[in-house]
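Trainee: Take this structure first; my questions come after.
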Amino acid sequence: HKNGWISVCPGVDNSRLPFHKEKDKFDDGRAIPAGCYTSPAIDFATWIKENTKIEDFVVLKMDIEGAEWRVIERLAQEGAFAHVDEMFLECHSSEWNPNHSTEHTPADCHRLLNALRYNGVFAHEWY
């Protein structure tokens, strides 16, 4: 299987995802003008299943600006969580940031973390 970084967005299918960048620089110093862009996306559930083995120890950090709800649903539907041992999740709710297009509440985030834990993923809230 493969290790390392991939330069795509985790999504629910192989497509392109729009995003809006408000600053001219990323936190790591790379310069890209502010504006609207698209980024390649992959079906992350399929990628996890094709690039990891059940016996691997897989740690997943997810901070995908509100898209986590759809991606986590897809991971669950496809049985990909069987490959994930530990997860650090920044869960976005409308109360946390009104600019995110989600109708989820902080209570929904806590229920999601508990459901992940109940299903065998050592899940942590990430800020």
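The values are calculated or read from the model by the stated rules, or taken from the named source; none is laboratory data. Worth saying up front: this structure is predicted, and the values here are computed from it rather than measured. Cβ atoms come from the backbone with ideal geometry, glycine included; neighbour counts cover every protein chain shown. These area figures cover heavy atoms from the full protein model, side chains too; ligands, DNA and RNA do not enter into them. Shrake-Rupley method; radii C 1.70, N 1.55, O 1.52, S 1.80 Å.
Trainee: Of the residues that sit in the stretch 16-66 and are among the small types (Gly, Ala, Ser) and at pLDDT below 90, which one is most open to solvent (accessible area, probe 1.4 Å)? Working first, answer last.
Mentor: Of all residues in the stretch 16-66, those among the small types (Gly, Ala, Ser) come to 29, 31, 34-35, 39, 41, 45, 66.
The next check asks that each one be at pLDDT below 90; those that pass are 29, 31, 34-35, 39, 41, 66.
Working: GLY29: 47, ALA31: 77, ALA34: 49, GLY35: 17, SER39: 20, ALA41: 8, GLY66: 18 Å².
Per the stated criteria, the residue is ALA31.
Trainee: In addition: Which members of the stretch 37-66 meet the condition of being within 11 Å of VAL84 (Cβ to Cβ) and of a type in the set (Gly, Ala, Ser)?
Mentor: Matches in the stretch 37-66: ALA45 only.
Trainee: Can you work out which of the residues in the stretch 67-106 that are modelled with pLDDT under 90 and part of a helix (DSSP H, G or I) is farthest from TYR127 (Cα to Cα)?
Mentor: Per the criteria, the residue is ARG70.
Trainee: Under 7 Å between Cβ atoms, at least 6 apart or on separate chains: pull out the pairs that start in the stretch 76-92 with a residue that is over 16 Å from TRP47 (Cα atoms) and end on any residue that is assigned to a strand (DSSP E or B) and among the basic types (Lys, Arg).
Mentor: Listed by first residue and then by second, the contacts come to PHE88/LYS61.
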